[in-house]
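Chemist: Once you've had a glance at the structure underneath, I'll fire off some questions.
Only the coordinates and a few stated rules stand behind these numbers; no lab work does. Keep in mind that what you see is a predicted model, and the values were worked out from it rather than measured. Using ideal geometry, Cβ is built from the backbone for each residue, glycine included, and neighbour counts are taken over all protein chains shown.
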Amino acid sequence: MRVSSAACRAVLHPDGRSRGLLLASGACAALAGASIFLVVLPPAVAALPTVAWIGVSLANAWRLVRAWRRCQHYVIGADGHLECHPPAGRPTRATVGRGSVFGRRACVLCIDPSAGTGWVDYLRRDAQDRQQWRRFRVICRHFAG
């Protein structure tokens, strides 16, 4: 008896530790970029690009945090569609965007919503239900490969 995989879906819950890791890596990148401006350019000239770089980095971090507040868990269907479920309200349809990386123990999910700007989330295998992670890996092999 053949069973259709069309009804297969994976429910993934991002955790605070993974999201904190993303924010910390973004902060390190912002400081590294600012330090390069300060080392390469004279102090009088370096002030403006340094402040602009840090401002853009803070804006990106704020955008990530706002997107994460609107998404409590993800539901990924067998056809590759993605739904972002908020704590209360209707889910938002989205797609897995370019630049997503799927590994055995973790994945970086680039999310492109149907309306608005996209965001990135880092999901770890050990923070998920084992069966849901397995389904997610099977789905990723089909639509990402």
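Chemist: Within the range 35-80, take every residue that is among the polar types (S, T, N, Q) and in contact with a helix residue (DSSP H, G or I) (Cβ under 7 Å, 6 or more places away or on another chain) and give me the one that is nearest to residue 9 (Cα to Cα). Before you say what the answer is, go through the steps one by one.
Modeler: Step one: filter the range 35-80 for residues among the polar types (S, T, N, Q), giving 35, 50, 57, 60, 72.
Next cut, in contact with a helix residue (DSSP H, G or I) (Cβ under 7 Å, 6 or more places away or on another chain) only: 50, 57, 60.
Details: 50: 45, 57: 34, 60: 30 Å.
The residue in question is 60.
Chemist: Let me spell it out: the conditions are (1) of a type in the set (A, V, I, L, M, F, W, C); (2) within 30 Å of residue 32 (Cβ to Cβ); (3) not in a loop (DSSP other than H, G, I, E, B), and residue 75 meets all of them except one. Which number is the exception?
Modeler: Of everything listed in (1) of a type in the set (A, V, I, L, M, F, W, C); (2) within 30 Å of residue 32 (Cβ to Cβ); (3) not in a loop (DSSP other than H, G, I, E, B), residue 75 misses just condition (2).
Chemist: Could you list, in sequence order, the residues of the range 58-84 that are among the charged types (D, E, K, R) and either without any contact (Cβ under 8 Å) to a residue 40 or more places away in the chain or crowded, with 16+ Cβ neighbours inside 10 Å (or both)? Break it down stepwise before answering.
Modeler: Step one: of the range 58-84, the residues among the charged types (D, E, K, R) are 63, 66, 69-70, 79, 83.
Correct list: 66, 69, 70, 83.
Chemist: Taking the conditions exactly as written (loosely packed, with under 12 Cβ neighbours inside 10 Å and either part of a loop (DSSP other than H, G, I, E, B) or in contact with a Lys or Arg (Cβ under 7 Å, 6 or more places away or on another chain) (or both)), does residue 55 satisfy them or not?
Modeler: Working: loosely packed, with under 12 Cβ neighbours inside 10 Å: yes; either part of a loop (DSSP other than H, G, I, E, B) or in contact with a Lys or Arg (Cβ under 7 Å, 6 or more places away or on another chain) (or both): no.
Taking the combined requirement at face value, the residue does not satisfy it.
Chemist: Return yes or no: is residue 88 without any contact (Cβ under 8 Å) to a residue 40 or more places away in the chain and in a loop (DSSP other than H, G, I, E, B)? Steps first, answer last, please.
Modeler: Details: without any contact (Cβ under 8 Å) to a residue 40 or more places away in the chain: yes; in a loop (DSSP other than H, G, I, E, B): yes.
Criteria met by residue 88.
Chemist: Here is a further query. Kindly list the number of the only condition in (1) assigned to a helix (DSSP H, G or I); (2) over 25 Å from residue 108 (Cβ atoms) that fails for residue 25.
Modeler: (2) is the only condition that residue 25 fails.
Chemist: Right, another one. Within the set of pairs 6 or more residues apart or between chains, which connect a residue that is free of Cβ contacts under 8 Å to residues at least 40 places away in the same chain and under 15 Å from residue 67 (Cβ atoms) inside the range 11-29 to a residue that is among the small types (Gly, Ala, Ser) and assigned to a helix (DSSP H, G or I) with Cβ atoms less than 8 Å apart?
Modeler: Matching pairs, first to second residue: 26/57; 26/61.
Chemist: Further question on the same structure: Among 45, 56, 51, 65, which is β-branched (Val, Ile, Thr) and under 14 Å from the mean Cα position of the chain (by Cα)? First the steps, then the outcome.
Modeler: Details: 45 fails: under 14 Å from the mean Cα position of the chain (by Cα); 56 fails: under 14 Å from the mean Cα position of the chain (by Cα); 51 fails: under 14 Å from the mean Cα position of the chain (by Cα).
Within the list 45, 56, 51, 65, the selection yields 65.
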